[in-house]
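The values are calculated or read from the model by the stated rules, or taken from the named source; none is laboratory data. Every value quoted in this text rests on a predicted model; they were computed, and no experiment measured them. A quick note on method: Cβ atoms are made from the backbone with ideal geometry, for glycine too, and the neighbour counts reach across all protein chains shown. Note: accessible area is taken over every heavy atom of the protein model, side chains too, but ligands, DNA and RNA are not part of it. Shrake-Rupley method; radii C 1.70, N 1.55, O 1.52, S 1.80 Å.
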Amino acid sequence: MIAAILESLENFNIKDVPEPEIDNDSALMRIESVSICGSDVRIFHHGNPRVEPPTIIGHENSGVIVKVGKNVKRVKEGDRVSIGADVPCGQCHWCRNGYGNNCHINYAIGYQIPGAFAQYMKLPRLVLEEGPVTPFGESLSFDEAALAEPLACAINGLELVNMSLGKSVVIIGLGPIGCMMIDLARVMGATKVIGVQRSKLRMEIAKFYEADVYIASEEEDVVERCLEETDGEGADIVVTTCGSVEAHEQGVEMVAHRGYVNLFGGLPKTMRPMSVLSNTIHYKECFVTGSHGCVPRHHELAVKLLEKGLVRVQPLITHHFPLVEIEQAFEAMESRKGMKIMIHPHAASS
């Protein structure tokens, strides 16, 4: 099979490698669609303690089961499945209590477990027993199903801020996750959604999602405008879906008393520390949390929402590449000229 081997930092090697062999407790999946995540870009440039080159990365994927071991019950040949990233170890306190994304081992597809930038991917026993392996029907495309993983992370993020009926929500950063969160916030009961975005190109794509208010962060005072849009009270919920320390700080300033701020977007290690007047949190009695990853139940929910069309991801898919052009795909991702970059491992070179 053809695979994109991450040989070292900033070095993909496209080559023919043996198809993974399965045992009695594993399965083999033919990868149909795999999307590039921001974390893939970080691994490519800066590495990750859980990733040991040479290896195969990539975790937002979907495909078809083509082989199963004799002991496998969870999937069968011909199943269309979407695969998530975080795989609970199943043994520790966190995993046994449903918080596998907080596991100290933190197994994940495309990290310790070889990933999806290849034509085929092995689903080992641990993935099949504990991981996010979710079947989906013919009504959902492979491209859309591959995006169940980031949507599952968005679900985790909004659960952590007690999203519920009647809430006002500010989403800072209208990339793919931010746009998904507009639809998701509506599904979970938001009555006012305010979107904040710097890039004009992404703003135009985000307008498809019909937030109640759009704010261009380079042209307006974001905090002042959000307070105006909420009658001076601030938003019940603020989610920062961008890698900006300024956005994190603004979130605390614009949240309502007893409101929630979710620092969803991670920050580079080189970025300055967040600077917040703790008295702001103290007197507002607001709650500041973070979220990362998801657990298998979030992934199952994400697939259901996609199948029902309640969260729409097709408008976010702006580029398509064959696997042999993965370097061009990463360049398109980093240029930020589009949204989700989809790779098709079995497609011919353009």
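Residues that are more than 13 Å from Ala302 (Cα to Cα) and either without any contact (Cβ under 8 Å) to a residue 60 or more places away in the chain or open to solvent by less than 20 Å² (accessible area, probe 1.4 Å) (or both) within segment 126-142 comprise Leu126, Val127, Leu128, Glu129, Gly131, Glu138, listed in sequence order. Within segment 176-207, the set of residues being closer than 21 Å to Met333 by Cβ and open to solvent by 10 Å² or more (accessible area, probe 1.4 Å) comprises Pro176, Ile177, Gln197, Arg198, Ser199, Lys200, Leu201, Arg202, Met203, Glu204, Ile205. Beta carbons closer than 8 Å, at least 6 apart along the sequence or on distinct chains, pair a first residue in segment 63-84 that is within 16 Å of Val303 (Cα to Cα) and charged (D, E, K, R) with a second that is in a strand (DSSP E or B) and open to solvent by 50 Å² or more (accessible area, probe 1.4 Å) for Asp79/Pro135; Arg80/Pro135. Within segment 14-33, the set of residues being in a strand (DSSP E or B), closer than 13 Å to Ile2 by Cβ and open to solvent by 10 Å² or more (accessible area, probe 1.4 Å) comprises Ile14, Lys15, Asp16, Arg30.
Applying a threshold of 8 Å to beta carbon distances and a minimum spacing of six or more residues, or different chains, the list of pairs starting in segment 301-326 at a residue that is over 14 Å from Ala154 (Cα atoms) and ending at one that is aliphatic (A, V, I, L, M) and open to solvent by 70 Å² or more (accessible area, probe 1.4 Å) reads Pro322/Ala348.
Of all residues in segment 56-67, those that are open to solvent by less than 10 Å² (accessible area, probe 1.4 Å), of a type in the set (A, V, I, L, M) and either in contact with a Cys (Cβ under 6 Å, 6 or more places away or on another chain) or not in a strand (DSSP E or B) (or both) total 1.
Are any of the residues in segment 34-55 assigned to a helix (DSSP H, G or I), within 25 Å of Glu334 (Cβ to Cβ), of a type in the set (Phe, Trp, Tyr) and touching a residue at least 12 places away in the same chain (Cβ under 8 Å)? The answer is yes, given that some residue of segment 34-55 is assigned to a helix (DSSP H, G or I), within 25 Å of Glu334 (Cβ to Cβ), of a type in the set (Phe, Trp, Tyr) and touching a residue at least 12 places away in the same chain (Cβ under 8 Å).
Residue selection: Lys70 fails the criterion of being assigned to a strand (DSSP E or B) and over 20 Å from the mean Cα position of the chain (by Cα). Being aromatic (Phe, Trp, Tyr), open to solvent by 10 Å² or more (accessible area, probe 1.4 Å) and within 20 Å of Glu300 (Cα to Cα) is a description that applies to Tyr107.
Filter segment 167-187 down to the residues that are over 18 Å from the mean Cα position of the chain (by Cα) and without any contact (Cβ under 8 Å) to a residue 40 or more places away in the chain and list them by number. Across segment 167-187, the qualifying residue is only Arg186. With a requirement of 1 or more residues that are crowded, with 19+ Cβ neighbours inside 10 Å and among the small types (Gly, Ala, Ser), the helices (runs of 4 or more DSSP H) lying completely within segment 249-350 that satisfy it span 296-308, 326-335. Against the list (1) open to solvent by 50 Å² or more (accessible area, probe 1.4 Å); (2) in contact with a Lys or Arg (Cβ under 7 Å, 6 or more places away or on another chain); (3) not hydroxyl-bearing (Ser, Thr, Tyr), the condition Val245 fails is (1). Checked across segment 200-213, the condition of being touching a helix residue (DSSP H, G or I) at 6+ places or on another chain (Cβ under 7 Å) and free of Cβ contacts under 8 Å to residues at least 24 places away in the same chain holds for at least one residue. One residue stands out in segment 73-85 among those that are open to solvent by less than 20 Å² (accessible area, probe 1.4 Å), in contact with an Asp or Glu (Cβ under 9 Å, 6 or more places away or on another chain) and not in a loop (DSSP other than H, G, I, E, B): the one that is farthest from Ile43 (Cα to Cα), namely Ser82.
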